[in-house]
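**Q** Structure in structure tokens, see below.
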Amino acid sequence: MKKINLLIYLTISFCLFSCSFESKPKIEGEINEVVKILVSEVLLTDNNFSNQTHLRNDLGADELDIVEITIALENQYDIIIQDEDMAQFVTIDDIVNYIEHNTPNIKEKKKQ
């Protein structure tokens, strides 16, 4: 019974959070800074951290926070991030590298 309640809670939270990000305008700027802003908005913290900052150990992010960060990234960059990829987000740099290598319009800009 507890697992079902948790699943319902997470589903509702996911839907509410997802809807709140859909109407937000895109953030302009370097990938590094955009990622820091999105992470700080989700975790309700300042964005004065380095690319080596550990999401869980340094910023106290939990599984739901990582999911929320992933949703924010998907909406910002119009991409879909698979669960396996999301699981690899340990530091800010991991996210930045993922975006640089998996976002078509950013990959094309780097080639030019």
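**Q** Go through region 80-99 residue by residue and tally those that are buried (at least 18 other Cβ atoms within 10 Å of the Cβ) and of a type outside the set (S, T, N, Q).
**A** So the first thing to find is which residues in region 80-99 are buried (at least 18 other Cβ atoms within 10 Å of the Cβ), and the list is 81, 86, 89, 91-92, 95-96, 98-99.
Okay, now just the ones that are also of a type outside the set (S, T, N, Q), so 81, 86, 89, 92, 95-96, 98-99.
Counting residues in region 80-99 that are buried (at least 18 other Cβ atoms within 10 Å of the Cβ) and of a type outside the set (S, T, N, Q) gives 8.
**Q** Is there any pair with a first residue in region 42-58 that is surrounded by 11 or more Cβ atoms within 10 Å (Cβ to Cβ) and a second that is aromatic (Phe, Trp, Tyr) and assigned to a loop (DSSP other than H, G, I, E, B) whose Cβ atoms are under 9 Å apart and which are 6 or more apart or on different chains, and what are they?
**A** 55/89; 58/49
A short reminder: the numbers here are calculations on the coordinates, not readings from a lab. The structure presented is a predicted model; accordingly, all values stated were derived computationally and were not measured. Cβ sites come from the backbone with ideal geometry, for glycine too, and all protein chains shown count toward neighbours.
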